[in-house]
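K.L.:
The structure is given below, and queries will be raised subsequently.
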Amino acid sequence: MADTVRIIPLGGFDKIGMNMTLIESKDSIIAVDCGMSFPPDNMPGVTAMIPDVSYLEENVDKFKGIVLTHGHEDHIGALPYILGQLKVPVYGTPLTIALVEKRLCDFGVKGIKTKAIKQGATIVVGDFKVEFIKASHSIPDSVMLAIYTSVGIILSTGDFKLDMTPVTGKMSDISRITALGTKGVLAVLSDSTNAMTEGFSRSELYVFEQLDTMFSRYRGNRLIIVTFATNMDRIQQIINLADKYGRKMVMEGELMLEVFSAAQKLGYVEVPEEMIVDSDTINNYADGEIIFLTTGSHGKSVQCISEIARGSHPGIRIKENDVVLFSSIAIHGNEVEFNRTLNSLEEQGAIVVFQDLHATGHACAEELKLLFALLHPRFVIPAHGEYRYRREAKRIATEVGIPARNIFLMDNGDILEISRTPGKKETCDAISTALPEKTQTAGLEKGTEVLAAAITGHLPLCDILVDGNERTMIDRALIRDRQQLSGSGVVVIEVCIHKKTGRLASGINITSRGFLDENNSQGLRDELETAVSREISRFIGQGVHDERIAKGVETVAGALIGEMTGKNPVVIALVTNVMI
Ligand SMILES: [Zn+2]
């Protein structure tokens, strides 16, 4: 009888963000991470996108818990939405759990068991043992997860880099990774975000030297530093430099303060007493004595600086020779707004500096090579990132000797089944590598056992859009309406019909928002009235009195507006029947 384990990504395998992968045995399912992603600019009113967990809802009795690799939004951000329905325990390192608990409290999600697990510890969740292995990333307390299954060890790297000189975090536990490689690893789910970047990622220590140069060069200027809210390594370095150059610091941004406070309580960041001051005291300091450290709400590191550039920030106005330093930021599809901000800052006389575009929290090509070489996994599943990044991670894995047929480029929803059949000698290792990737299978003989892996099915997943704080299934029509409304506005046509005679009981009333210039649209209005009136007469003549009239009016009016103006507003017809 074969032991089988299934790996099912619900998110994180096509675009950046929304990371969530299920590991399933006969009796248990655990989820690794539960992240959100941010919608592009063209989805008005949508605040987040979260994974579709219908499969977990259908298998709720098997679902034993969620294990987290680290506290970034794209790994924990969907928890408040999903835990509202699926009340399973959540396990993570102390900082990750502190951030999760704060988020659950903010969302009013109660009754969830959360457990803080130290780096290096091992826990049991359902059928699985899960080991938390130190990993270096851009937020402290990150881990890789070694999941011990009946078929073998599955290592999920989370986000990681092999930084030998991290600042606040710790080095990835390379000796433990090597030991696991010696023991034998079944499969690795690897961070592919930087697979297309050659060499090794820059160390945070390198960034310190760069920042120090900036502090020294702009000694007498007011410094406004825009950074990623959760990058405590970077924030610690800025604090250290503020101390060195005798500056006070104002911190702005809800998420940054939230993570900073949790990290400070756990001793992961250190700040000299009285360094942090309120924004309303900045006028008490000379330009060279103050730093303004800004970020935004979740996923929007440039939100605060955009407000400052527009002059709508309550605490600070840009003045000539202010230095705005962008250090580790995320733009997330808001490029237009970002460019507007840069232009506006420079117009107001600020000096805009970009620093550290090459210091990343994710492993580059050589680090991935080292990881694969140390682990010697049977199977590799490149994770986290767009197809071409994962495709490059596959190439890297083949370079260190992992056969291409044992590397799976999965899509969200794909079901990868790995099974181990004891007592057989034959192997199916010879299966052609020329098969298309979706039907690829791989088999390996290990002593008298046969390991086989194949993508055996696919879960149909929907994008779940979060509308404010509601969890709402995507409704493409709704998004299309919003896009139409924001692009071309709305036209409302009100018609009153006498029920007995079928004639118009009053004139046709046309109002609009965001579309017609009331003073210059008389020609269009006249044409609309004529066309609508003709359409109503046609329906009445056919004895139609129901909602088909409204639909017909909307179609005719929409077509006429398109023809005359080239625009496509939302058209709403309100048809009322009156007795008198
Ligand atoms: Zn991360």
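Here, each number is a calculation from the coordinates, and none is a lab measurement. Keep in mind it's a predicted model, so treat the numbers as computed, not measured. Glycine also receives a Cβ, built like all others from the backbone with ideal geometry; neighbour counts cover every protein chain displayed.
K.L.:
Just to confirm the number: angle between the C-alpha axis of helix 232-244 and the first principal axis of the chain, 0 to 90 degrees, nearest 10?
P.N.:
Taking the Cα atoms of the chain, the angle to 232-244 is about 80 degrees.
K.L.:
Also, quick follow-up: Taking the 0 to 90 degree range and rounding to the nearest ten, how far is the long axis of helix 365-375 tilted relative to the main principal axis of the chain, both from C-alpha atoms?
P.N.:
50
K.L.:
Sort 574, 56 so that the residue with the fewest other Cβ atoms within 10 Å of its own Cβ comes first and the one with the most comes last.
P.N.:
Values: 574 12, 56 22.
Lowest to highest Cβ neighbour count: 574, 56.
K.L.:
May I ask which of 15/64; 319/567; 15/183; 110/248; 102/369 have a Cα-Cα span longer than 31 Å here?
P.N.:
On the way: 15/64 27 Å; 319/567 42 Å; 15/183 33 Å; 110/248 39 Å; 102/369 37 Å.
Among 15/64; 319/567; 15/183; 110/248; 102/369, the Cα-Cα distance tops 31 Å for 319/567; 15/183; 110/248; 102/369.
K.L.:
Okay, moving on. So what's the angle, to the nearest 10 degrees on a 0 to 90 scale, between helix 522-541 and the longest Cα principal axis of the chain?
P.N.:
80
K.L.:
Work out the length of the dipole vector of the stretch 148-203 about its Cα centre, built from +1 on the beta-carbon of each Lys and Arg and -1 on the beta-carbon of each Asp and Glu, and round it to the nearest 20 debye. Numbers along the way, then the final one.
P.N.:
Numbers: 5 positive and 5 negative charges, 35 e Å.
Dipole of the stretch 148-203, to the nearest 20 debye: 160 debye.
K.L.:
Could you line up 47, 21, 122, 69 from fewest to most neighbouring Cβ atoms inside 10 Å?
P.N.:
Working: 47 17, 21 25, 122 12, 69 29.
Listing 47, 21, 122, 69 from fewest to most nearby Cβ atoms yields 122, 47, 21, 69.
K.L.:
Please give the length that would be gained between residue 486 and residue 270 if that part of the chain were fully extended, namely 0.36 nm times their separation in residues minus their C-alpha to C-alpha distance (nm, one decimal).
P.N.:
Working: separation 216, 0.36 × 216 = 77.76 nm, distance 4.62 nm.
Extending this stretch completely gives an extra 73.1 nm.
K.L.:
Once you have the alpha carbon radius of gyration of the chain, what is it after dividing by 2.2 N^0.38 Å, with N set to its residue count?
P.N.:
Normalised by 2.2 N^0.38 Å, the Cα Rg of the chain equals 1.17.
K.L.:
Now a separate question. Just want the ordering: 216, 190, from fewest to most Cβ atoms lying within 10 Å of their own Cβ. Could the numbers behind the result be given before it?
P.N.:
Working: 216 11, 190 30.
The fewest-first ordering by Cβ neighbours comes to 216, 190.
K.L.:
Quick one: putting +1 on the C-beta of Lys and Arg, -1 on the C-beta of Asp and Glu, what dipole do you get for the chain around its Cα centre, in Debye to the nearest 20?
P.N.:
Numbers: 59 positive and 74 negative charges, 236 e Å.
It works out to roughly 1140 debye.
K.L.:
OK, next. Using the basic label-point model (7 angstrom from Cα toward the beta carbon), what is the residue 511 to residue 261 distance in nanometres?
P.N.:
Distance between label points: 4.5 nm.
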